[in-house]
Amino acid sequence: MYTNRINPMASLALFITVAFAAGCDGPEVDRVYYSCNGFEDCGSGYTCHFDVVGTSGGVCVPFGHVLVGDVSSETDTTVVPDVVNPSDTTVVTDVVNPSDTAVVPDVVNSTDTTVVTDVVNPSDTTVVTDVVNPSDTTVVPDVVNPSDTTEPPPSGFVRISPGTFTMGSPASELGRSDNEAPVSVTLTRAFLMGESEVTQGQWKALSGGVNPSNFTACGDSCPVEMVSWWSSFGYANALSTSAGLAPCFTLPSSGCTGTWQAGTLGCGDQMPAVAGGNVYGCEGYRLPTEAEWEYAARAGTTTATYGGNLSGTSGCVTLSGGGDFANGTPLADLGWYSCNNSPSGTKTVKGKAPNGWGFYDMLGNVFEWTWDRYDASLPGGTDPQRTATGADRVDRGGYWGFGPRDLRAADRSNSSPGFRDYIFGFRLSRSVP
């Protein structure tokens, strides 16, 4: 077995493991292998090998040698065996955790029921992708827990388990408002929620290309805005239909103006009829309730933001500890707000650090509509929703032009359901059966 060493002057810095082909043997020596674009770039007795993941060219290696190893980590020289055929020297990439040198089974045979272990977190029941062919999007069944039949969330969504949390803010929280008096909330159903706000590209894909947004120059990966609360239901129903799900909502047959595609739909102070009579129980996509939104935004934290508490309430501030980020971390690392938003306007989604559950832009970028009517007190209890009273609807999360106090998880705003502005967008949820 020969092992190369990195040459700091070489154009390619890459650790690889080189083994003789069958029938060869020899002592261990130090060699340097240079990058190449053809055999003519290599010396006598060498050939240019192009099967190295992550390189634009090849590597000069001696005739009769093959490359074996975890090539997703340039500093990892541990061989990742092909456990289906141990004599097979085909490269197997460890894409679960590139710095993890544990054996990753060969799952190229989708009918093979050999256990595929999640070496990052053995108790994680998330599906494990085909690590032999990273471009293969076929999922490998969750065999960490064979009895787990949970359907993996669709692309772009995160599954949230039921739980109990305190909604609102304590009296001691810097920047809080009087409408945030804390209440205990229990959510009894698991649900899916979009990892980011609905984008302009996603909206256009279902609206026939119509884009109501003001900041169209921001692009398809920026949040759709200029959409009314009512318009979000048209989009949610269209997404449900495209996914083969029963839509959650029946829009009023009268008293409405505008179209959801243009973001202008308005039906006054009515509420849409919900399939089954309960928004937590319908099958299709929908707006999250206010309780679900804050539960997801907190991701198990109790501080003002998922990163920690705030050092101030105006200007550019830092986090003062207690959350998931280090003391002194700029709030700008978590979201777009008045401090870091130049030029003014929306920004590409998923551009800031997500919370611990994988949600992006929960704080800043655009306000997000929720299902609930607004009241000065928070709805508490089990699976709460407020649908009977309150002319306005709740919107959460702050937006790109607000100050730091408005980026807190407990911050609440309210607007008319027919109102449109370039600061309003939304993300969707769906109850898990």
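Quick notes on this structure:
- Residues of the stretch 208-240 satisfying the condition of being free of Cβ contacts under 8 Å to residues at least 24 places away in the same chain and either within 21 Å of P272 (Cβ to Cβ) or in a loop (DSSP other than H, G, I, E, B) (or both): G209, N211, D220
- Residue, nearest to L251 (Cα to Cα), within the stretch 287-302, restricted to residues that are more than 18 Å from the chain's Cα centre (by Cα) and crowded, with 24+ Cβ neighbours inside 10 Å: T289
- One residue alone among G335, G364, G401, G356 is assigned by TED's automatic domain parsing to the domain that holds L287, on the phi > 0 side of the Ramachandran plot, out of contact with any strand residue (DSSP E or B) (no Cβ under 7 Å at 6 or more places or on another chain) and in contact (Cβ under 8 Å) with a residue 40 or more places away in the chain, and that residue is G364.
- Test: D269 is among the charged types (D, E, K, R), part of a loop (DSSP other than H, G, I, E, B) and within 25 Å of the chain's Cα centre (by Cα): no
- Some residue of the stretch 330-341 being over 22 Å from F426 (Cα atoms) and of a type outside the set (D, E, K, R): yes
- The single condition among (1) surrounded by 16 or more Cβ atoms within 10 Å (Cβ to Cβ); (2) in contact with a helix residue (DSSP H, G or I) (Cβ under 8 Å, 6 or more places away or on another chain); (3) at negative phi that G263 does not meet is (3).
- Filter pass, T382 being of a type in the set (S, T, Y), at pLDDT 95 or above and touching a strand residue (DSSP E or B) at 6+ places or on another chain (Cβ under 6 Å): yes
The values are calculated or read from the model by the stated rules, or taken from the named source; none is laboratory data. What you see is a predicted model; the values in this text were computed from it and never measured. Quick reminder, even Gly has a Cβ in these numbers, built from the backbone with ideal geometry, and neighbours come from all protein chains shown.
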